[in-house]
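> Below is a structure I'd like to ask you about.
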Amino acid sequence: MIQLEPLAPPARAERARVHGKFGFGFGDRFFVLLLAGLLWIGPLFWSHQFLYGLILWDVLLMIAWLVDLQSLRTVSQLVVERQFTAPLALEESANVRLTVINMDRLPVRVAVLDDLPVQLRSAPAELSLAIPGGQERVAEYEIRPGERGDYELGPAYLRCQTLLGLAQRWAQADLRQKVRVYPSLQAAKRHQLFLLRSRRIELERRLLRQHGQGKEFEYLREFRDGDEFRDICWTATARRGKPVTRVHRAERNQAVWLVIDCGRLMRARIGTLSKLDFAVDAALNLAQVAAFGGDRTGLLAYGTRIQERLAPGRGHTHMRSILNQLARVHGEASEADHLRAATTLMSLQTRRSLIVWITDLSETAMTPEVVQAAMQMSRRHLVLFAVIGQPDLKRVAAQSPENPEQLYRFTAAVETLHRRELVLARMRERGSLAVEVDAHEVSTVVMNRYLELKERGQF
């Protein structure tokens with residue numbers, strides 16, 4: 001049995017090391033006491049002998065600082081551990097736990113700054129801990145990733161002080177590690193109904209296989225009472241001289257390909273997420289539903305080149321591979337090469353399958369290249385072509401213009417929406433299942449369409 005690694009990044013612990021050229025500095029309390037010594041300046045106007053008091057004050061302060069600094073000489077006795085309490089997923093909060101262990105006998109105060117990329121947290125996390133000798137202290141902070149992908153975490157920087165607070169030691173714990181931010185992992189919990197429906201359909205199809213129904217030929221046998229006359233194989237009947245019937249079974253382990261456009265149009269943002277983020281979530285949700293129903297799922301994500309490619313499969317290991325590849329999918333600034341994607345997929349999948357293509361349409365008077373590619377594939381495969389709509393266009397088209405500028409915007413929006421609908425209607429005439437959906441509904445729509453097709457046995 002294959003043991004899958006947990007999705008949460010592994011914990012990492014390191015000893016602190018002196019940081020910087022000198023590795024020490026002055027604490028805030030040192031400067032407060034240094035300013036307090038300036039009170040000796042006032043009496044100097046009456047007697048210059050108070051100058052000795054000022055010098056003595058500064059000398060004693062420096063001696064106290066050196067003694068305090070000497071007590072911080074063992075920063076290597078500090079161990080810092082970073083631990084993630086949950087997997088990192090897009091737009092989902094997770095806690096990071098920092099544990100600092102003081103193996104020295106003296107207490108210490110530590111200010112910790114954890115170096116994180118801005119994709120995980122807008123500002124570095126700063127924590128303060130007071131740690132008695134021989135003990136440990138734990139602090140947590142929250143992160144909320146704003147983008148998917150792999151990111152490098154930096155070291156943890158420490159500023160150590162004793163309870164006296166005159167001197168500081170600067171140190172760092174080398175906690176550098178690579179972490180991965182996945183698509184939303186909570187979506188499956190929100191779509192339990194689709195999973196249950198997918199399982200019900202699969203059970204019904206198994207029942208059909210037990211009764212010898214379906215479309216896929218399995219074997220020949222002698223005709224029995226109750227068999228349908230349309231299933232009689234007349235050529236085999238003529239050879240054997242007695243009625244022979246065909247036994248069929250419902251198709252199983254069908255291939256479902258998830259095709260994701262990563263070109264410039266998919267970088268458009270709707271709220272805090274891009275269209276590509278919504279497409280990735282829809283692909284992950286549909287992969288789970290298809291796997292729950294017994295179908296094999298493949299993935300093709302493309303821009304100017306093929307970013308990710310995974311042959312159809314099923315099982316926990318395969319789903320983990322899909323999740324990892326979807327986490328690495330990223331938007332590109334150039335127009336995607338749709339024809340290359342279609343050619344690649346046609347070479348990978350020769351048997352008829354369901355192609356779920358999530359994309360957007362460029363605003364052009366000619367037929368968009370992605371539509372040409374989808375029509376090319378619809379000759380062999382069943383293509384579910386999902387176009388993520390433009391909410392701003394629909395909003396402008398729904399308004400009543402009140403001045404010439406608004407009239408121009410209204411006309412342009414209506415014309416663009418009409419042209420998009422004509423393109424989708426042309427695709428439907430060619431056999432593709434073309435729909436335009438809002439970004440927040442793309443997951444629900446593609447899962448419903450998949451289940452409807454599966455229930456009707458269209459693939």
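> Working only within segment 128-155, note down all residues that are open to solvent by less than 50 Å² (accessible area, probe 1.4 Å), within 21 Å of Phe24 (Cβ to Cβ) and assigned to a strand (DSSP E or B).
Leu129, Ile131
> So Arg246 passes all but one of these: (1) open to solvent by 10 Å² or more (accessible area, probe 1.4 Å); (2) under 15 Å from the mean Cα position of the chain (by Cα). Which condition number does it fail?
The one condition Arg246 does not meet is (2).
> Does Gly149 satisfy the criteria of being touching a Lys or Arg at 6+ places or on another chain (Cβ under 7 Å) and at pLDDT below 90?
So Gly149 does not fit the description; no.
> Is at least one residue of segment 276-294 farther than 24 Å from Thr416 by Cβ and free of Cβ contacts under 8 Å to residues at least 40 places away in the same chain?
Yes.
> Specify which of the listed residues (Leu286, Leu265) is assigned to a helix (DSSP H, G or I), in contact with a Phe, Trp or Tyr (Cβ under 7 Å, 6 or more places away or on another chain), open to solvent by less than 40 Å² (accessible area, probe 1.4 Å) and closer than 25 Å to Pro145 by Cα.
So the residue among Leu286, Leu265 that is assigned to a helix (DSSP H, G or I), in contact with a Phe, Trp or Tyr (Cβ under 7 Å, 6 or more places away or on another chain), open to solvent by less than 40 Å² (accessible area, probe 1.4 Å) and closer than 25 Å to Pro145 by Cα is Leu286.
> Can you name the number of the only condition in (1) touching a helix residue (DSSP H, G or I) at 6+ places or on another chain (Cβ under 8 Å); (2) open to solvent by less than 10 Å² (accessible area, probe 1.4 Å); (3) at pLDDT below 80 that Arg420 fails?
Among (1) touching a helix residue (DSSP H, G or I) at 6+ places or on another chain (Cβ under 8 Å); (2) open to solvent by less than 10 Å² (accessible area, probe 1.4 Å); (3) at pLDDT below 80, Arg420 violates only (1).
> Out of all the residues in segment 101-112, which are in contact (Cβ under 8 Å) with a residue 40 or more places away in the chain and not in a loop (DSSP other than H, G, I, E, B)?
Within segment 101-112, Val108, Arg109, Val110, Ala111, Val112 meet the criteria.
> What are the residue pairs meeting all of these: first residue in segment 237-258, first residue at pLDDT 80 or above, second residue open to solvent by 30 Å² or more (accessible area, probe 1.4 Å) and among the polar types (S, T, N, Q), Cβ atoms under 9 Å, and 6 or more apart or on different chains?
Val244/Thr235
> Evaluate the following for Leu300: is it within 22 Å of Lys454 (Cα to Cα), buried (at least 18 other Cβ atoms within 10 Å of the Cβ), at pLDDT 95 or above and not polar (S, T, N, Q)?
Considered against the rule, which asks whether it is within 22 Å of Lys454 (Cα to Cα), buried (at least 18 other Cβ atoms within 10 Å of the Cβ), at pLDDT 95 or above and not polar (S, T, N, Q), Leu300 comes out as yes.
> Here are some conditions: (1) open to solvent by 10 Å² or more (accessible area, probe 1.4 Å); (2) modelled with pLDDT under 85; (3) among the charged types (D, E, K, R). Lys454 meets all but one. Which one does it not meet?
Tallying (1) open to solvent by 10 Å² or more (accessible area, probe 1.4 Å); (2) modelled with pLDDT under 85; (3) among the charged types (D, E, K, R), Lys454 fails exactly one: (1).
> Here's another thing I want to ask about it. Inside segment 348-363, can you point out the residues that are part of a loop (DSSP other than H, G, I, E, B) and either touching a helix residue (DSSP H, G or I) at 6+ places or on another chain (Cβ under 9 Å) or open to solvent by less than 50 Å² (accessible area, probe 1.4 Å) (or both)?
Passing the criteria: Gln349, Ser353, Asp360, Leu361, Ser362, Glu363.
Residue-by-condition table, conditions (1) over 30 Å from Arg190 (Cβ atoms); (2) within 38 Å of the chain's Cα centre (by Cα); (3) surrounded by 19 or more Cβ atoms within 10 Å (Cβ to Cβ):
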position: Leu56; (1), (2), (3): yes, no, no
position: Leu72; (1), (2), (3): yes, no, yes
position: Val100; (1), (2), (3): yes, yes, yes
position: Ala111; (1), (2), (3): yes, yes, no
position: Asp114; (1), (2), (3): yes, yes, yes
position: Pro117; (1), (2), (3): no, yes, no
position: Ser122; (1), (2), (3): no, yes, no
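A quick yes/no check of all residues on (1) crowded, with 17+ Cβ neighbours inside 10 Å; (2) in contact with a helix residue (DSSP H, G or I) (Cβ under 8 Å, 6 or more places away or on another chain); (3) basic (Lys, Arg):
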site: Gln307; (1), (2), (3): yes, yes, no
site: Thr317; (1), (2), (3): no, no, no
site: Arg320; (1), (2), (3): no, no, yes
site: Arg328; (1), (2), (3): no, no, yes
site: Gly331; (1), (2), (3): yes, yes, no
site: Arg340; (1), (2), (3): no, no, yes
site: Met375; (1), (2), (3): yes, yes, no
site: Lys394; (1), (2), (3): no, yes, yes
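> When segment 74-98 is examined, which residues are found to be surrounded by fewer than 13 Cβ atoms within 10 Å (Cβ to Cβ) and either part of a strand (DSSP E or B) or in contact with a helix residue (DSSP H, G or I) (Cβ under 7 Å, 6 or more places away or on another chain) (or both)?
Once the filter is applied, which keeps residues that are surrounded by fewer than 13 Cβ atoms within 10 Å (Cβ to Cβ) and either part of a strand (DSSP E or B) or in contact with a helix residue (DSSP H, G or I) (Cβ under 7 Å, 6 or more places away or on another chain) (or both), segment 74-98 yields only Asn95.
> Look at segment 328-347 and say how many of its residues are within 26 Å of the chain's Cα centre (by Cα) and not in a loop (DSSP other than H, G, I, E, B).
7
The values are calculated or read from the model by the stated rules, or taken from the named source; none is laboratory data. These numbers come from a predicted model, not from an experiment. Because the Cβ atoms are built from the backbone with ideal geometry, glycine has one as well, and the counts that use them run over all protein chains shown. Just so you know, the surface numbers come from the protein's heavy atoms only, side chains and all, with ligands and any DNA or RNA stripped out. Shrake-Rupley method; radii C 1.70, N 1.55, O 1.52, S 1.80 Å.
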